[in-house]
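Scroll down for the structure; my scribbles are underneath it.
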Amino acid sequence: MEISPVLGHQMQSIFLTVQPPPLPSSIKPIRNSQSQSQSATSVTTTTTNNGSRTLRNQPHDGKTVNSYPKSRDYISISRQVRQTAIIDIQQTPDLKLALSRSGGVLKVQDFNVVMRHLGKQNRLKDLSQLFEWMQENIKLNFASYSSYMKLMGKSLHPNKALEIYNGIEDNLTRLNPSVCNSVLACLTKNGKLESSLELFRHMKRDGLVPDVITYSTLLSGCAKVQDGYKKAMELVQELNNKGLQMDGVIYGTLISVCASCSKCKEAESYFNQMKIEGHTPNVFHYSSLLNAYSVDGNYEKAEEIFREMKSAGLVANKVVLTTLLKVYVRGGLFEKSRELLSELESLGYAEEEMPYCLLMDALSKAGQVDEAKLVFSEMKRKNVKTDGYAYSIMISAFCRYGLPDEATQLASEFEAKYEKYDVVIMNTMLCAYCRTGEMENVMKLMQKMDKLAINPDRNTFHILIKYFVKEKLYMLAYKTLQDMHNRGQRPDEELCSNLIFHLGKTGAHSEAYAVYNMLRYSEKPMCKDLHEKVLYILIAGRLYKDAYVVFKDNARLISRPAMKRFASSFMRFGNINLINDVMKAIHGSGYKIGQGLFSMAVSRYIGEPEKKELLLQLLEWMGGQGYIVDSSTRNLILKNSDLFGRQQTAEILSKQHMMSKTRDTSKK
């Protein structure tokens, strides 16, 4: 069959150079609807005088019929070719080669089919490679963008998702709700709710008309942040203002948000409202409401809603039963918890550690460490799959109740048996080693965190800083705190205050001030007493310029003895160019400046005649504020008046003398 001239150069390369793979038996090629006898033709091409080519079907009766690209035969052949190319790309071990030989035949919708196939098979590397090829060859539509981001899920970095979205030039595609929802979902799933909300605002300004799915996507992210309930309510209000109707998915997400934010009554209210509006609750709604009841261990309401769920004909799945177990353990019903754990085991829902962890954690926090140990031993005996959380719970329990040897033994056991680590188990083991003072194991664990690229969290830094302070390794504690600050994590004030004290005591005054600044520039206000403590440390370290900054910013919080200490030290040893500023700061704080302080300032200026302008400015300022130099200071100035200009000095002192006389007269 001579079809290559008709289908063009790209088709020719497929049929003349590469034999496509056979179709699997499960996939039947699309055939012409005509019978075998009707379609028994040979396809030939003829070249006209002007050089154009015509496709002709040659039936068995010898008559030649012109066939154009719109003919059924052509469409049938085209579909077969595309289907073969799709299978070639889906099944190839070398995607790049397959795209080079078959990619030119396919349409955008064909590539979308291939993307979905690769996504279902979790071939994410091939999926990314295919999408990049589609971008390079401009084989994309809105479904391509949304499908790619959905199929990649959490494997797609939020920054990459934003890069893809920002690279869309066609405005209609950029504002397509499906595309927008996909990129917003990528951000929220990766814990970037703020970025997602900011992008959402930009999308609306550009012309996006959000739908119910848009709001459901954003609401799902609210369950994972601290102020999620407030953000969720803002989104719900916006949704209502736009006249959109809340569906079962929105209600389920809202109940989940309420549960995550410990809003039990609100979760209950939304559940009832959903039923009033005619939406039938499903297992997700019931499990989310159960989770809300678990906040305070309200097992009575939990059992009531559980019975309602069963009477509605719904079957309790693993999530529902595990959530009910959480209600029981938080309500202190340990006997019922054990019975439910046995039921989970019999149903095959306890193959992973979570149900055991819930019970162990509740028992250990209730002081029943031995009971928790029994559950842990049972879990190990049954070879339950663990990610380390069970170990983490027991190590923490041993540390909490003064059993450091058992804690370190269990930590060592986990290190020897398991390769999988996360920041939670790392923190637990660090805590155990730090409590027993095993520096070598602490350092090894820190090296392991670096090697495994596990990012330390706030708790990690706090454990290490406390340990280093305890071991009197203050500079190491300071460097750890610096690392914590550079990563954007706010340290605990009490921890910082303790470190500041020890750094100051050991002569590390600059480092103590650096720690103070970490607290000072954070959002949360700091303890008032800390300013004065730092002021004394800076004076001791002769860091007078920094001491001036602390005093100036917090003058009304500094006691009179501390102010006197700072002022006298600065007049003697501080930067002479700042003496007048210090005087003004003291005066502005409400303290009256004594003659002794003026005398020290004048003495410093006389010692450096080149600073005469500063002395004259001080004397002028004193007069304006009602201060008068005493006789001894006056005589000292007159004695050295040739250094500062006799006439100007005499005029200023004369004004002060007249002021003094006026004051004495008013007193009489």
Given a Förster radius of 60 Å and the C-beta distance between Ser569 and Asn455 as r, what FRET efficiency does 1/(1 + (r/R0)^6) yield to the nearest 0.05? 0.85
Which whole-Hz couplings ³J(HN,Hα) result when phi for each residue of region 357-371 is put into the Karplus expression 6.51 cos²θ - 1.76 cosθ + 1.60, θ = phi - 60°, listed in order with x for Gly and Pro? 4, 4, 5, 4, 4, 5, 5, 5, 6, 8, x, 9, 5, 5, 5
Here the net charge surrounding Met354, from other residues whose Cβ is less than 11 Å away from its Cβ (Lys, Arg +1; Asp, Glu -1), is -2
Karplus-derived 3J(HN,Hα) from phi for region 174-182 (6.51 cos²θ - 1.76 cosθ + 1.60, θ = phi - 60°), whole Hz, x at Gly and Pro, runs 4, 9, 5, x, 5, 5, 4, 4, 5
Mean projection of the alpha-carbon convex hull of region 159-258 over all orientations, in nm²? 5.9 nm²
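Pairwise over distinct Cα atoms, reciprocal of the mean inverse distance: report the Kirkwood radius of region 421-523 in Å, one decimal place. Intermediate values should be presented prior to the final figure.
Working: mean 1/r = 0.0719 Å⁻¹.
The answer is 13.9 Å.
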If the reach is capped at under 18 angstrom between alpha carbons, list the lysines near Lys310, excluding any in the same chain fewer than eight residues apart. Lys275, Lys301, Lys318
Here the relative contact order (percent) of region 393-445, from C-alpha pairs under 8 Å and at least 6 apart, is 39 percent
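Report the net charge of residues surrounding Leu244, where surrounding means a beta-carbon distance below 15 angstrom and charges are Lys +1, Arg +1, Asp -1, Glu -1. Intermediate values should be presented prior to the final figure.
Working: positive: Lys204, Lys242; negative: Asp211, Glu234, Glu238, Asp247, Glu277.
Around Leu244, the charge tally is -3.
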Working from the alpha-carbon coordinates of region 276-316, get Rg over Rh, Rh being the Kirkwood radius. 0.98
Mean projected area, convex hull of alpha-carbon positions in region 346-416, reported to one decimal in nm², is 4.5 nm²
What net charge do the residues around Val105 carry, taking every other residue with its C-beta under 12 Å from that of Val105, with Lys and Arg at +1 and Asp and Glu at -1? +3
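Evaluate region 70-212: find the radius of gyration of its Cα atoms, find its Kirkwood radius, and give the ratio Rg to Rh.
On the way: Rg = 16.7 Å, Rh = 16.2 Å.
In region 70-212, Rg relative to Rh is 1.03.
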³J(HN,Hα) across region 238-243 via Karplus (A = 6.51, B = -1.76, C = 1.60, θ = phi - 60°), whole Hz, x for Gly/Pro? 5, 4, 5, 4, 7, x
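What FRET efficiency comes out for Lys230 versus Ser603 if R0 is 45 angstrom and r is the Cβ-Cβ distance? Round to the nearest 0.05.
Values: r = 60 Å, r/R0 = 1.34.
With R0 = 45 Å, the Cβ-Cβ based efficiency is 0.15.
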Tail weight of P(r) past 18 Å, computed on alpha-carbon pairs of region 376-463, percent: 39 percent
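For region 560-634, which semi-axes, largest first and in whole Å, follow from the square roots of 5 times the eigenvalues of its Cα gyration tensor? Kindly include the intermediate steps, with their values, before the conclusion.
Numbers: eigenvalues 61, 43, 27 Å².
Listed largest to smallest, the semi-axes of region 560-634 are 17, 15, 12 Å.
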Excluding residues on the same chain fewer than 8 positions from Lys230, give the aspartates and glutamates whose Cα lies under 19 Å from its Cα. Glu194, Glu198, Glu238, Glu266, Glu268
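Laboratory data are not the source of any read-out in this text; all were calculated from the coordinates shown. Fair warning: this is a prediction, and the values are worked out from it, not measured in the lab. No Cβ is skipped: glycine too gets one built from the backbone with ideal geometry, and neighbour counts run over all protein chains shown.
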